[in-house]
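*Asks:* Before we start, here is the structure in question, set down as C-alpha cells.
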Amino acid sequence: MRVRPAARPAPRATSRALTAHPAWPLAAGAVLIAGALLVAPRAEAGSVSGWQRVVAEPDEPDTSTWAPRQTTVQDQTDRLIVHYRGDSGRRNVLSAAPRATTQALQRLQMAGLQAHKVHRNGLGAQVLHLNKSVPVRELQAVARQIMADDANVLYAEPDYRARAFATPTDPLYSSQWHYYETAGGLNLPSAWDVSTGSDVVVAVIDTGVRAHVDLADNLLSGYDFISNSSTGNDGDGRDSDANDPGDGCNGGHSSWHGTHVAGTIAAVTNNGEGGAGVAYNAKILPVRVLGCGGGYFSDIADGVLWASGSAVGGVSAPSQPAKVLNLSLGGKTACPTTMQNAINQARSNGAVVIVAAGNSNEDASKHSPANCANVVTVAAVGRTGARASYSNYGAKIDVAAPGGDQSTGTANGVLSTLNDGYSTAGNDSYVYYQGTSMATPHVAGVAALMLSRNPSLTPDEIEVLLKTTARAFPKACAVGCGKGIVDANAAVRAVFVGATAADDTAETEPNNTRQQPQTLASFPVKVEGTIGSGTDMDVFKVSVGVGKTLTARLISNVSSDYNLEMLSNTGAVTKTSTRGLGLADSVTWTNGGGSTAERYLRVKRASGLIGENGTYTLEVSLP
C-alpha cells in the first residue's frame with residue numbers, strides 16, 4: 001500500500017537491508033564487486049576500512065587500486081558479423097551458392113574456422129556462429145580480408161563481447177544522498193514538484209530485471225535477446241522472459257546488475273518500501289542482453305532496436321516502446337558498426353540513448369558504446385562532487401552524475417534495489433553499488449522526468465538541455481568530465497521556454513533577410529528549422545508589445561554549433577548568444593518603450609551540419 005503520496009518521499013527504514021548473506025562463502029566484511037573480491041580482514045562488523053583488492057581475473061590489467069573492474073570486451077569471441085550491401089534477407093552465408101558468400105567461407109577456413117550456424121540481426125546483417133573462440137585481433141584480420149575480397153560486403157566485424165559495469169553493499173531515501181545532497185547529488189527533490197515520470201517508458205538494456213517488491217508495479221513485459229543458452233543461463237535462447245536468472249554462472253556470484261539500475265530509474269516511491277527512484281512513476285521495459293560472461297554486441301544492438309520500437313527478427317515491436325534507453329554496459333573497443341547503426345536507428349525512432357562512460361580511469365574514447373555517436377555519455381562523481389576515482393573521462397563525456405565512490409566508505413555508494421541470492425535468486429534486498437553504471441540511470445531518470453513534462457522533446461533537445469542546465473563541478477575535473485553534474489530540477493524546468501508547451505511550426509523559406517523574414521504571431525511557438533547551406537541564415541520577426549518580454553532559445557542538432565542573434569528594427573545586432581557546440585543559446589529583451597517594437601531573431605551557422613541534417617529548433621515565448 002502506498003502512503004503519503006507527496007511530491008517528495010519521506011525518509012524511512014527497512015528490514016530488507018543486505019548486510020551479509022549467510023550462504024555466501026566470504027570472509028567477514030568481504031564484498032564481491034564485478035569480478036573482484038574486496039577483503040577487509042581486520043575490519044570490525046560494520047566497518048568499511050582496511051579494504052584490500054584481490055583480483056579474480058589476474059589476466060586483466062589492474063587499472064585502479066580500488067575501483068569496480070571495468071566492463072571489458074573479452075579477448076576472444078566465437079562470432080563474426082557480415083553485412084552485404086542491398087541484402088534483403090535472401091542471401092545466407094551458409095547456403096550453397098553465391099560466389100561472394102563462398103569467398104567469406106573460404107577466408108574462415110583459411111583461418112581454421114567454420115561457421116556452423118547463422119542468425120540475422122535486426123539490421124539485416126548475418127551473425128556467424130563459429131566452431132571455436134579465437135582472439136579478437138585474429139578475427140579482425142579475417143573481417144578485413146572478407147571486405148577486401150568482396151565489394152558487396154558493406155562491413156564485417158567480430159561480434160565483440162561486453163560485460164556490465166558495477167559494484168556491491170547496504171539500505172532508503174534518507175540514505176540516498178545521491179538524490180539530494182548539494183555537493184555530489186542530483187538536485188532531485190524540487191524536480192519532483194513538477195514531474196515524477198508519468199507516461200514515460202525507460203528501457204533497461206542489461207542483465208534483465210528481477211520483479212523486486214519495490215519495482216514490480218513499474219515493470220512492463222520485456223524481452224530476452226541473448227541468442228544462445230550458455231550465455232543466457234536460462235536453458236534457452238531468445239524469448240519473452242526478461243527476468244534475470246543470475247549471471248553468476250557455474251556457481252559464481254551474480255550481480256543482479258539490471259535490477260540495481262532499474263531501481264535507480266523507477267523504484268516505486270511513497271509505498272513504505274526501501275528507497276526512491278528518480279522517475280518513480282515511469283515504467284521500466286527490461287531488455288536482457290547480458291548473461292554469463294557478459295553479452296555480444298549483436299544481441300545488445302538488437303535489444304536497442306527493439307526497445308526503441310523496431311521489430312527484430314520475427315519479434316514484434318513492443319506495444320509501449322521506450323523513449324529513453326539506459327545502457328550501463330560496454331567494452332574496450334572502437335564503436336562497432338553494428339552498434340552504431342542500431343543507435344542511429346533508435347535515435348530515428350525518437351529515443352535518447354544514455355550510456356555509461358566505463359570504470360577504467362582512462363579516456364572514454366577507448367570504450368564502446370561510450371565512444372559511439374548519438375549517445376549521451378555519462379561519467380561518475382562521488383559524494384564530494386569530484387570525479388570518482390574509477391570513472392572514465394575525456395572529450396567523449398557529455399555530463400556527469402552521482403555514481404558513488406566507496407573508497408571513502410560503503411555508504412558513499414549508490415543505494416538501490418537488488419537480490420541477496422549468491423548465484424541464483426534469493427530475497428529482495430537493497431545494496432550500495434558504485435560505478436558509471438550507477439551514474440547512468442540517474443541521467444536516464446532525469447530524461448524521463450523531462451519527457452513526462454514535455455513529451456514532444458526530441459533526443460537532440462534532451463541531450464542539449466541536460467548539458468546546458470548541468471551545474472558546475474564543485475571540484476574541477478581537469479581531464480574532462482563533460483559540461484557538469486546533471487541538475488534534475490534545472491533540466492525539468494527547462495523543457496519549456498514559456499510556462500507551457502509551445503506549438504510547433506515549420507520554418508518557411510525564403511526567410512534569409514530582415515527584409516524578408518518569417519513572422520511569428522502566436523506564442524509560445526517552436527520553429528523546426530534547417531540551415532540549408534554554410535551561408536544560410538534564418539530570420540524571424542516578432543512584434544513585442546509595451547512592457548512585454550521576448551525570450552528565445554535555440555537548440556541546434558548535437559553535431560552543430562549555430563548562433564542566435566537579436567536585431568532591432570534598424571538591423572542593429574542588440575543581443576548575441578554563442579555558447580558553443582552542445583549547448584542551447586538564448587536571448588531575452590523587455591520592451592521598456594512607449595509603443596510596440598519589432599525585433600528580429602536570426603539563426604546563423606558557426607559550424608556543423610547543413611542540408612537535411614542541419615536541423616534546429618527555435619522556441620519563442622512572449623507572455
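The values are calculated or read from the model by the stated rules, or taken from the named source; none is laboratory data. All values reported here derive from a predicted model rather than from experimental measurement. Here the Cβ positions follow ideal geometry from the backbone for every residue, glycine too, while neighbour counts run over all protein chains shown. Remember, those area values only see protein heavy atoms, side chains included, never the ligands or the DNA or RNA. Shrake-Rupley method; radii C 1.70, N 1.55, O 1.52, S 1.80 Å.
*Asks:* Report, by residue number, each residue of the stretch 520-557 that is buried (at least 22 other Cβ atoms within 10 Å of the Cβ), touching a Gly at 6+ places or on another chain (Cβ under 6 Å) and not in a strand (DSSP E or B).
*Replies:* Ile531
*Asks:* To continue, here is another question. Looking at the stretch 163-171, is at least one residue of a type in the set (Val, Ile, Thr), touching a His at 6+ places or on another chain (Cβ under 7 Å) and farther than 30 Å from Ala490 by Cα?
*Replies:* Within the stretch 163-171, none of the residues are of a type in the set (Val, Ile, Thr), touching a His at 6+ places or on another chain (Cβ under 7 Å) and farther than 30 Å from Ala490 by Cα.
*Asks:* Sticking with this structure for a sec: Determine if the stretch 489-503 includes at least one residue that is surrounded by fewer than 24 Cβ atoms within 10 Å (Cβ to Cβ), part of a strand (DSSP E or B), more than 16 Å from the chain's Cα centre (by Cα) and modelled with pLDDT under 95.
*Replies:* yes
*Asks:* Just a yes or no: is a residue in the stretch 171-185 open to solvent by 10 Å² or more (accessible area, probe 1.4 Å), modelled with pLDDT under 90, under 30 Å from Cys249 (Cα atoms) and not hydrophobic (A, V, I, L, M, F, W, C)?
*Replies:* Checked against the condition, which is being open to solvent by 10 Å² or more (accessible area, probe 1.4 Å), modelled with pLDDT under 90, under 30 Å from Cys249 (Cα atoms) and not hydrophobic (A, V, I, L, M, F, W, C), the stretch 171-185 yields at least one hit.
*Asks:* While we're looking at this one, here's another question. Name the single residue, out of those in the stretch 248-265 being assigned to a helix (DSSP H, G or I) and more than 13 Å from Met438 (Cα to Cα), that is most open to solvent (accessible area, probe 1.4 Å).
*Replies:* Taking the candidates together, the pick is Asn250.
*Asks:* Now for a different question. Have a look at Lys323, Lys366 and point out the one that is within 29 Å of Thr77 (Cα to Cα) and of a type in the set (D, E, K, R).
*Replies:* Lys366
*Asks:* Are any residues in the stretch 219-242 of a type outside the set (Lys, Arg), part of a loop (DSSP other than H, G, I, E, B) and either over 30 Å from Lys117 (Cα atoms) or open to solvent by 30 Å² or more (accessible area, probe 1.4 Å) (or both), and if so, which ones?
*Replies:* Within the stretch 219-242, Leu220, Ser221, Asn228, Asn233, Asp234, Gly235, Asp236, Ser240, Asp241 meet the criteria.
*Asks:* Here is a follow-up. Which is crowded, with 24+ Cβ neighbours inside 10 Å, of a type outside the set (Val, Ile, Thr) and not in a strand (DSSP E or B), of Gly385, Gly358?
*Replies:* Within the list Gly385, Gly358, the selection yields Gly358.
*Asks:* Of all residues in the stretch 590-601, which are open to solvent by less than 50 Å² (accessible area, probe 1.4 Å) and in contact with a strand residue (DSSP E or B) (Cβ under 7 Å, 6 or more places away or on another chain)?
*Replies:* Passing the criteria: Asn591, Ala597, Arg599, Tyr600, Leu601.
Matching residues to (1) in a strand (DSSP E or B); (2) farther than 22 Å from Gln345 by Cβ; (3) open to solvent by less than 10 Å² (accessible area, probe 1.4 Å); (4) at pLDDT 90 or above:
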site: Gly50; (1), (2), (3), (4): no, yes, no, no
site: Pro61; (1), (2), (3), (4): no, yes, no, no
site: Thr65; (1), (2), (3), (4): no, yes, no, no
site: Thr77; (1), (2), (3), (4): yes, yes, yes, yes
site: Ala100; (1), (2), (3), (4): no, yes, no, no
site: Ala104; (1), (2), (3), (4): no, yes, yes, no
site: Arg107; (1), (2), (3), (4): no, yes, no, no
site: Gly122; (1), (2), (3), (4): no, no, no, yes
site: Lys132; (1), (2), (3), (4): yes, yes, no, yes
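*Asks:* From the set of residues in the stretch 249-277 that are at pLDDT below 95 and β-branched (Val, Ile, Thr), which is nearest to the chain's Cα centre (by Cα)?
*Replies:* Among those residues, the one meeting the criterion is Val268.
*Asks:* Of the residues Pro286, Pro245, which is crowded, with 19+ Cβ neighbours inside 10 Å, more than 21 Å from the chain's Cα centre (by Cα) and closer than 29 Å to Val118 by Cβ?
*Replies:* Answer to the check: Pro245.
*Asks:* Which residues, taken from the stretch 361-370, are in contact with a strand residue (DSSP E or B) (Cβ under 9 Å, 6 or more places away or on another chain) and open to solvent by 20 Å² or more (accessible area, probe 1.4 Å)?
*Replies:* Asn361, Glu362, Asp363
*Asks:* Next question, about the same structure. Given (1) open to solvent by 50 Å² or more (accessible area, probe 1.4 Å); (2) modelled with pLDDT of 95 or more; (3) part of a loop (DSSP other than H, G, I, E, B), identify the lone condition not met by Leu583.
*Replies:* (1)
*Asks:* State all residues of the stretch 192-226 that are closer than 12 Å to Ala448 by Cα and touching a Leu at 6+ places or on another chain (Cβ under 6 Å); if no residue qualifies, say none.
*Replies:* The answer is Ser195, Gly197, Val200, Val201, Ala203.
*Asks:* Oh, and also: For the structure I just gave you, tell me whether Gly309 is open to solvent by 10 Å² or more (accessible area, probe 1.4 Å) and at pLDDT below 95.
*Replies:* no
*Asks:* Need the failing condition index for Val213 against (1) out of contact with any Asp or Glu (no Cβ under 7 Å at 6 or more places or on another chain); (2) closer than 15 Å to Gly274 by Cβ, just the number.
*Replies:* Just one mismatch for Val213, condition (1).
*Asks:* Which residues, counting only those in the stretch 602-616, are over 22 Å from Gln515 (Cβ atoms) and open to solvent by 20 Å² or more (accessible area, probe 1.4 Å)?
*Replies:* Those that are over 22 Å from Gln515 (Cβ atoms) and open to solvent by 20 Å² or more (accessible area, probe 1.4 Å): Ala606, Ser607, Gly608, Leu609, Ile610, Gly611, Glu612, Asn613, Thr615.
*Asks:* I need the full set of residues from the stretch 436-471 which are over 23 Å from Lys283 (Cα atoms) and either open to solvent by less than 10 Å² (accessible area, probe 1.4 Å) or part of a loop (DSSP other than H, G, I, E, B) (or both), in order please.
*Replies:* Answer for the stretch 436-471, where residues must be over 23 Å from Lys283 (Cα atoms) and either open to solvent by less than 10 Å² (accessible area, probe 1.4 Å) or part of a loop (DSSP other than H, G, I, E, B) (or both): Val464, Ala470.
*Asks:* Looking at Arg605 and the list (1) among the charged types (D, E, K, R); (2) at pLDDT below 95; (3) part of a strand (DSSP E or B), which single condition is not satisfied?
*Replies:* (2)
*Asks:* Now, a different point. Return the residue satisfying two criteria in turn: it lies in the stretch 388-428 and is in a strand (DSSP E or B) and open to solvent by 10 Å² or more (accessible area, probe 1.4 Å), and of such residues it is nearest to Ser348 (Cα to Cα).
*Replies:* Tyr393
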